[in-house]
Amino acid sequence: MERSLVLVKPDGVQRGLIGEVIARFERRGLRLVGAKFMQVSLDLAKAHYTEHEGKPFYDGLIAYITSAPVMAMVWEGPNAVAAIRQTVGSTRPMEAAPGTIRHDFALEVGRNLIHASDKPETGVREVALWFKPEELVDWKREVDRWVFEK
Ligand code: IDP
Ligand code: MG
């Protein structure tokens, strides 16, 4: 089953939006596989955002993600990466579709509340970076057959 890393970033945690984010993924039908509330170290922040090194917003991004705790989660489901990005909305909140998390709760790209893996391969890399294998739970829900076709 496809998996995505999801982070409720420091602004989402400070604003009390962890539950709101979890509720949206739960009601979408995605299955939670792992979760931990944590302070992000500088090393983890740099490893996570390595693709953005050298960009003008990089230093601010590292400062932002390490500024307060995050809620790190792994969610799975059919097409989980694309489904989650759709629920999250575009990177720039002013371009995010109404009804998406970034549209409904954010205004600026540097405070866009949430991180989600951008491709299935990125999901694999990011889940391995943030979680040890024993922190992930393989489980079935009674409701799975009413959400997942196969
Ligand atoms: P994504 O989070 O939607 O995948 P990316 O392009 O991967 O977007 O950028 C990672 C994060 O870097 C964004 O979520 C946002 O927090 C931050 N970011 C991206 N572009 C800018 C910018 O132009 N100014 C400030 N922060 C930015
Ligand atoms: Mg990205």
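Here are some notes:
- The residue list LEU32, GLY60, LEU44 was ranked by how far each Cα lies along the charge dipole of region 1-61 toward its positive end, using unit charges on Cβ atoms, and LEU32 comes out on top.
- Calculated on C-alpha atoms, the gyration radius of region 78-150 divided by its Kirkwood radius gives an Rg/Rh of 1.05.
- Links that overshoot a 27 Å alpha carbon limit, given the list LYS36/LYS140; LYS9/LYS119; LYS119/LYS140; LYS36/LYS150: LYS36/LYS150
- Taking all Cα pairs closer than 8 Å and separated by 6 or more residues, the relative contact order of the chain comes to 36 percent.
- Calculated P(r) tail over 18 Å for region 1-115, as whole % of Cα pairs: 50
- The chain, accessible surface, carbon-and-sulfur percent (1.4 angstrom probe): 54
- Surface accessible to a 1.4 Å probe, per residue, for the residues of the chain, Å²: 55
The values are calculated or read from the model by the stated rules, or taken from the named source; none is laboratory data. All figures in this text were calculated on a predicted structure; none of them were measured in a lab. Glycine also receives a Cβ, built like all others from the backbone with ideal geometry; neighbour counts cover every protein chain displayed. When the accessible area is computed, the model is the full protein with side chains, heavy atoms only, and any ligands, DNA or RNA have been set aside. Shrake-Rupley method; radii C 1.70, N 1.55, O 1.52, S 1.80 Å.
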